[in-house]
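These notes are about the structure you will find just below.
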Amino acid sequence: MRPDVSSRGRPWAGITVQVHHWRSGGAVSSPELDHDMLAMRLTGHASLEQRRLGQVHRSIVFPGNLSLHPRQVESSWTWDRPGSIVIARVPPGLLDEAADATARLPRGTQRLRNCFGVRDGFAETLVFTLARELQLTAHPAQLLIAESLSCALSAHLVHRFNVGHPGASPTPGGLHPHALGRVLDYIHGTTEMVTLQALADLANVSRFHFARMFKRSMGETPMAYVEHVRLLRAREMIRSGDYPLALVATLVGFSDQSHLGRRFKRHFGCTPGELLRGGATPPADGLPQLPQAPHPAMSCFCN
């Protein structure tokens with residue numbers, strides 16, 4: 001399907017960025033491609049089904065959901081609701097350049113993994129920023145911004161999602177990217193009580209070191225990040241109009257509706273009820289780590 005907005009009309013170097021605004025549910029198929037494709041939902045939630053390599057994966061997806069479509073693989077998707085997605089098309093040559101420059105890996109060996117429903121805060125931020133830049137009027141700095149973001153995203157994909165050479169360098173003083181990925185996947189995928197010890201165990205470090213290392217990697221404390229994710233998730237569910245407020249509180253992991261209301265008011269400056277009635281518009285965070293579905297049947301897959 002033809003995108004609503006595309007960087008192909010602009011002299012951007014590197015990754016091709018496209019935004020689709022789906023007006024309803026639908027279906028789309030992709031033939032084998034000569035490049036890798038990363039897709040992320042921008043707005044709205046939907047029930048998404050993916051068929052690839054003889055496997056079927058289903059999930060309720062919210063803004064920030066990421067899927068990685070490796071080249072030379074056929075795929076198809078169906079979804080049941082409107083919303084917007086951004087697609088980043090990454091040419092093999094750019095992955096080779098990133099691998100050579102950052103890890104001295106041989107050219108022509110970069111193969112990205114097949115992923116559905118994974119969480120990756122850094123990739124989400126870069127793709128979100130590319131999409132936002134694409135929807136702005138062209139300006140003199142845009143070419144440099146797009147090229148820099150393309151290089152950063154390519155290097156990150158090589159380090160975290162490379163089939164042949166797994167491994168990456170951690171942020172100095174922070175968590176190793178693989179450990180951080182496990183922690184973020186857990187945070188975004190659970191509505192149970194999250195403890196510092198449980199997160200530290202996932203990262204294979206002591207809880208005394210974990211809080212410091214997580215903040216170094218993500219810019220905020222683990223518990224602040226957990227609350228931030230859950231409030232963003234609650235905001236999206238409330239905006240959809242499909243869930244009673246008491247159910248929203250339960251699904252996103254707050255003890256009750258009153259607890260959600262207090263934290264929501266403090267974070268967004270309005271109550272959940274005001275947002276539900278349409279009498280308030282909470283500010284959009286600059287570059288949020290956006291929420292995944294609070295659903296027991298959620299599918300998360302990467303191989």
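The values are calculated or read from the model by the stated rules, or taken from the named source; none is laboratory data. Fair warning: this is a prediction, and the values are worked out from it, not measured in the lab. All Cβ positions, glycine included, derive from the backbone under ideal geometry; neighbour counts span all protein chains shown.
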Take Ser75 and decide whether it is within 20 Å of the chain's Cα centre (by Cα) and closer than 22 Å to Asn114 by Cα. yes
Against the definition (aliphatic (A, V, I, L, M), in a helix (DSSP H, G or I) and either modelled with pLDDT under 85 or touching a Gly at 6+ places or on another chain (Cβ under 6 Å) (or both)), how does Leu153 come out, yes or no? no
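Among the residues of segment 212-244, which ones are free of Cβ contacts under 8 Å to residues at least 24 places away in the same chain and under 30 Å from Gly174 (Cα atoms)?
Listed by number, the residues that qualify are Lys215, Gly219, Glu220, Thr221, Ala224.
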Does Ile85 count as β-branched (Val, Ile, Thr), closer than 14 Å to Gly14 by Cβ and either outside any loop (DSSP other than H, G, I, E, B) or not assigned by TED's automatic domain parsing to the domain that holds Arg233 (or both)? no
Could we say that Ser6 is of a type in the set (Ser, Thr, Tyr) and touching a Lys or Arg at 6+ places or on another chain (Cβ under 9 Å) here? no
Part of a loop (DSSP other than H, G, I, E, B), of a type in the set (Gly, Ala, Ser) and surrounded by fewer than 19 Cβ atoms within 10 Å (Cβ to Cβ): does that describe Ala27? no
Tell me which residues, restricted to segment 30-55, are polar (S, T, N, Q) and in contact with a Gly (Cβ under 6 Å, 6 or more places away or on another chain). Thr43
The lone exception for Met223 - which of (1) touching a Ser or Thr at 6+ places or on another chain (Cβ under 9 Å); (2) modelled with pLDDT of 90 or more it fails: (1)
